[in-house]
Amino acid sequence: MPITNLTMQDIFLARKRIAPIARKTPLSHSPWLSELVDTQVHLKLESLQETGSFKIRGAANKILSLSQDIRRRRAIAVSSGNHGRALSYVAQKSGVRATFVLPETVSERKREAIKELGAELIVEGDTRDETVEYHIDGFRFDLAAILRRDPWGAPLANPPLLEILAHDQILGNCKLIAEAWDTGGLHQVDTFPDYGRWTEWNGKYRDTLRRFLKEDPGQVGAIAQCIQGSPNLYAGRGPIASTNFITCHDGFTLANLVSYNHKHNDANDKDNRNGMDYNISWNCGWEGPTDDPDINTLRRRQIKNALAMLLVNQGVPMILMGNETGRTKNGNNNTYCHDNKLNWLNWTLVEKNADLFQFTKNCIAFRQAHPVLRGNEFFCNEDYTGSGYADITWHGTQAWHADRSDSNRVIVFMLCGKYVRGGTEVDNALYIAMNMHWETLSFELPGLPEGVKCHVFANTSAAPPEDSWEPGTEPVLEDQNRFLVGSRSVVILVSK
């Protein structure tokens with residue numbers, strides 16, 4: 001229970017609970033310390049405990065407070081030595097099976113002391129060492145919501161492990177990214193305890209972008225939130241709390257997302273039963289590989305659409321390995337059990353799909369070149385610098401007229417570059433049109449200041465290499481008043 005809820009009755013119950021295991025150790029008066037602090041100091045000789053430290057008390061209280069059902073299963077804990085020895089001793093005395101995960105830095109002497117008490121040991125690498133020695137920038141915690149549960153499965157208001165990691169002297173300076181759900185149904189996207197440090201895989205962003213990409217109706221309002229870094233989820237935390245992604249190691253690759261409506265997990269030897277059935281994917285008209293040039297062209301464009309959208313949204317983008325080269329897992333969305341080409345990176349795809357690779361590189365470079373895409377604060381949707389434009393404005397096929405109806409499959413926004421870092425830096429204005437409609441549409445451009453013109457950075461409906469340009473080399477848009485955006489296409493303009 002949280003320490004704020006402790007009562008004297010709790011303390012007396014704990015004393016009674018641990019009495020058969022923890023020794024009653026003596027107090028020894030320390031004249032030197034008493035004189036040093038000008039008050040009487042006594043030392044509690046916990047070194048006389050069976051395991052040589054006071055930690056046996058906490059271990060006994062924890063193990064003995066567990067229900068019989070939980071005790072019959074197994075106690076699993078992470079330890080760096082002394083705590084593990086105390087828990088092993090208590091588990092042995094209580095007839096509880098115990099397993100301890102120890103870092104490699106624990107001495108062999110401590111390992112043997114734990115094993116002598118009958119516990120099973122698992123030795124894994126130390127994240128602290130990995131941070132200090134290997135200079136790892138951060139860690140992503142798989143199914144991290146389980147770290148918020150108490151021993152009975154209920155969510156804790158203040159989970160101690162998450163708080164300790166956030167405030168750790170070393171790890172607290174790394175990126176701590178949570179997959180904010182678990183297999184037990186605890187879904188914590190936007191409610192995961194962050195302690196000012198944790199960020200989250202934004203699963204709601206993933207699902208929204210997939211629906212918008214496959215032309216589902218009623219997505220414009222939700223995609224507008226994603227574009228801004230999900231302020232509806234992370235108000236008070238800022239857009240960098242959101243790790244944006246469309247695909248990850250679990251599920252389809254991006255090439256498979258646009259090639260399959262259903263999972264094809266036969267290689268897993270479980271009759272295609274494992275893996276998610278809900279993929280929010282669209283095969284563009286044919287299930288799996290095809291020689292149809294129109295379908296393959298559409299699939300390639302959809303991949304570029306997804307990458308372009310991801311890389312112009314606020315928040316922190318994450319790209320799955322191989323998405324930039326068209327990597328496939330043959331429609332398998334659950335390849336955890338394979339150490340073969342389903343999970344390997346095929347380097348020959350870099351050359352085979354060079355246009356896709358170059359498009360991705362250009363989009364990353366464009367994001368890096370424009371800090372207006374990488375804000376630390378949410379947009380205000382208003383003009384607070386006197387530039388004549390709000391920090392973000394919304395448009396449609398007509399400038400200044402955004403259509404938020406359920407039938408609309410178009411979203412257009414312009415970012416004013418005079419609001420970078422709260423108006424302390426200046427960037428170019430960017431205009432992004434996302435047309436997920438099945439028809440080509442004509443768009444009216446908003447007026448720009450005199451002497452400023454729109455240049456085309458990306459047009460996913462154009463043939464490579466004119467589908468994107470290296471930042472700084474973008475050609476001028478021929479018509480500065482109106483332009484066409486192809487069906488299921490994204491266009492990114494930069495003003496200068």
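The values are calculated or read from the model by the stated rules, or taken from the named source; none is laboratory data. Fair warning: this is a prediction, and the values are worked out from it, not measured in the lab. Every residue, glycine as well, gets a Cβ built from its backbone with ideal geometry; the counts of neighbours run over all protein chains shown.
Is there a residue in region 194-211 that is crowded, with 20+ Cβ neighbours inside 10 Å and farther than 30 Å from Asn408 by Cβ? Yes, there is a match, as at least one residue in region 194-211 is crowded, with 20+ Cβ neighbours inside 10 Å and farther than 30 Å from Asn408 by Cβ.
Out of region 359-389, which residues are assigned to a loop (DSSP other than H, G, I, E, B) and over 21 Å from the mean Cα position of the chain (by Cα)? His370, Phe379, Cys380, Asn381, Glu382, Asp383, Tyr384, Thr385, Gly386, Ser387, Gly388, Tyr389 - these are the residues of region 359-389 that are assigned to a loop (DSSP other than H, G, I, E, B) and over 21 Å from the mean Cα position of the chain (by Cα). Of all residues in region 300-327, those being in a loop (DSSP other than H, G, I, E, B), hydrophobic (A, V, I, L, M, F, W, C) and crowded, with 21+ Cβ neighbours inside 10 Å number 1. Listed by first and then second residue, the pairs with beta-carbon distance under 7 Å, at least 6 apart or on different chains, first residue in region 101-118 and touching a residue at least 60 places away in the same chain (Cβ under 8 Å) and among the hydrophobic types (A, V, I, L, M, F, W, C), second exposed (fewer than 12 other Cβ atoms within 10 Å of the Cβ) and assigned to a helix (DSSP H, G or I), form an empty list. Condition test on Val476, is it at negative phi and surrounded by 20 or more Cβ atoms within 10 Å (Cβ to Cβ)? It is false that Val476 is at negative phi and surrounded by 20 or more Cβ atoms within 10 Å (Cβ to Cβ). Note on region 56-85: residues that are closer than 17 Å to Lys110 by Cβ and either of a type outside the set (A, V, I, L, M, F, W, C) or part of a loop (DSSP other than H, G, I, E, B) (or both) amount to 7. If the condition is being of a type in the set (Gly, Ala, Ser), surrounded by 13 or more Cβ atoms within 10 Å (Cβ to Cβ) and under 51 Å from the mean Cα position of the chain (by Cα), then region 31-52 contributes only Gly52.
Restricting attention to region 100-132, and to residues there that are farther than 22 Å from Arg197 by Cα and out of contact with any strand residue (DSSP E or B) (no Cβ under 9 Å at 6 or more places or on another chain), which single residue is modelled with the lowest pLDDT? Going through the qualifying residues, I end up with Thr105. From the list Ser53, Ser88, the one residue that fits, being hydroxyl-bearing (Ser, Thr, Tyr), within 25 Å of Val106 (Cα to Cα) and part of a loop (DSSP other than H, G, I, E, B), is Ser53. Pairing residues of region 261-276 that are more than 12 Å from Gly288 (Cβ to Cβ) and modelled with pLDDT of 90 or more with residues that are of a type outside the set (Asp, Glu) and not in a loop (DSSP other than H, G, I, E, B), at Cβ distances under 6 Å and at least 6 apart in sequence or on separate chains, gives Asn274/Asn268. Ser387 falls short of the stated requirement of being surrounded by fewer than 20 Cβ atoms within 10 Å (Cβ to Cβ), among the hydroxyl-bearing types (Ser, Thr, Tyr) and touching a residue at least 60 places away in the same chain (Cβ under 8 Å). Answer yes if at least one residue in region 444-460 is over 24 Å from Trp400 (Cβ atoms), in a loop (DSSP other than H, G, I, E, B), modelled with pLDDT of 95 or more and not aromatic (Phe, Trp, Tyr), and no otherwise. Yes: region 444-460 contains one or more residues that are over 24 Å from Trp400 (Cβ atoms), in a loop (DSSP other than H, G, I, E, B), modelled with pLDDT of 95 or more and not aromatic (Phe, Trp, Tyr). Going by the conditions given, is Asn330 buried (at least 20 other Cβ atoms within 10 Å of the Cβ) and outside any helix (DSSP H, G or I)? No, not satisfied.
Leu342 meets each of the listed conditions (1) farther than 30 Å from Pro371 by Cα; (2) out of contact with any Ser or Thr (no Cβ under 8 Å at 6 or more places or on another chain); (3) among the hydrophobic types (A, V, I, L, M, F, W, C) apart from (2).
Which residues, taken from region 407-458, are out of contact with any helix residue (DSSP H, G or I) (no Cβ under 9 Å at 6 or more places or on another chain) and among the β-branched types (Val, Ile, Thr)? Hits for region 407-458 are Val412, Thr424, Thr440, Val452, Val456.
Only residues that are crowded, with 23+ Cβ neighbours inside 10 Å and assigned to a loop (DSSP other than H, G, I, E, B) were counted across region 410-427, and they come to 1.
Quick one: would you say Gly221 is part of a helix (DSSP H, G or I), of a type outside the set (A, V, I, L, M) and modelled with pLDDT under 90? No, not satisfied.
Of the residues Tyr260, Tyr278, the single one that is among the hydroxyl-bearing types (Ser, Thr, Tyr), within 24 Å of Asn333 (Cα to Cα), touching a Gly at 6+ places or on another chain (Cβ under 9 Å) and not in a helix (DSSP H, G or I) is Tyr260.
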